[in-house]
Amino acid sequence: MNKTEFLNNLRAALSGIPQDDIEERVSFYGEMIDDRMEEGLTEEEAVGGVGPIDEIVAQTLSEVPLTKLVKEKVKPKRELRAWEIVLIILGFPLWFSLIVAAFSVVLSLYIVLWALLISLWAVMVSFAAVALAGIAAAVVLFIKGFIPHGIAVLGVAVMFVGFSIFLAIGCVAASKGVVRLTKKKFICIKSLFIKKETAK
């Protein structure tokens with residue numbers, strides 16, 4: 001792919017975000033390709049070294065605020081006709097309730113996901129607290145001379161130490177996964193505001 005094709009494809013893939021952001025990205029990557037060609041790379045090598053357009057679009061979407069994308073999407077491209085305004089007003093109870101319902105479902109799923117993660121962390125903390133309380137109780141039992149009882153309590157405490165360590169590893173991994181998923185879904189939501197066009 002040559003520079004012109006790459007920049008045209010990039011411009012088409014970014015359509016839907018504000019025009020000044022599109023031009024800024026296209027200009028940036030055009031200069032990057034020129035710099036690579038000045039370093040001795042061929043045009044195709046310079047374009048190939050920039051990276052896939054999908055990754056550039058994802059990076060751009062992560063940087064452009066959602067409010068900016070929404071404003072660009074709802075900005076009318078032409079004056080609305082009278083019958084279109086009447087349809088929008090008459091359809092308001094239907095389309096507004098559908099938007100609120102969809103938003104509520106997505107928000108509730110998001111809240112449930114984070115609630116499960118918080119619950120997992122709470123279980124891990126409670127296991128750690130049981131382990132610490134068991135060790136303290138075992139020490140007290142050893143001091144009072146109840147050696148068999150102290151050994152049993154210490155064994156249970158050590159078991160809960162293992163559980164809490166195991167859960168801590170799982171909690172950290174789950175937290176990272178939920179954060180990654182949240183970022184990915186947020187980029188997916190932003191990508192809904194990008195027009196799907198093919199380069200001409």
| Chain lengthening between Phe103 and Met159 when straightened (0.36 nm per residue, less Cα-Cα) | 15.8 nm
| query | Residue separation times 0.36 nm, minus the C-alpha to C-alpha distance between Glu63 and Tyr110: what's the value? | reply | 14.8 nm
| request: Report, to the nearest 10°, how far helix 92-144 tilts away from the longest principal axis of the Cα atoms in the chain, using its own Cα long axis and a range of 0 to 90°. | output: 30 degrees
| field | Rg(Cα) / (2.2 N^0.38 Å) computed for the chain, rounded to two decimals | value | 1.73
| message | Given Cα positions, please report Rg to Rh for segment 117-195, the hydrodynamic radius being the Kirkwood one. | response | 1.38
| Simple Cβ-charge dipole of the chain, Lys/Arg +1 and Asp/Glu -1, about Cα centre, in debye nearest 20 | 1320 debye
| note | In nm, the gap between the two label points placed 7 Å beyond Cα toward Cβ at Arg81 and Thr182 is 4.6 nm
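Let me know the shape class of segment 3-75, please: from the alpha-carbon gyration tensor, a ≥ b ≥ c as square roots of the eigenvalues, rounded when a/c is under 1.5, otherwise prolate if a/b is greater than b/c, or oblate.
It is prolate, given that a/c is not under 1.5 and a/b is the larger ratio.
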| Going by alpha carbons, how many degrees (0 to 90, nearest 10) lie between the helix axis of 53-63 and the longest principal axis of the chain? | 70 degrees
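Per the helix-only calculation at 222 nm, which mean residue ellipticity applies to the chain, given -39500 (n - 2.57) for every DSSP H run of n ≥ 4 and division by its residues, nearest 500 deg cm²/dmol?
-29000 deg cm²/dmol
Every number in this text was worked out from the coordinates using simple rules, so none of it is lab data. Please read these numbers as outputs of a predicted model, since none were measured by experiment. When we count neighbours, we look across all protein chains shown, and the Cβ atoms used for this are built from the backbone with ideal geometry, even at glycine.
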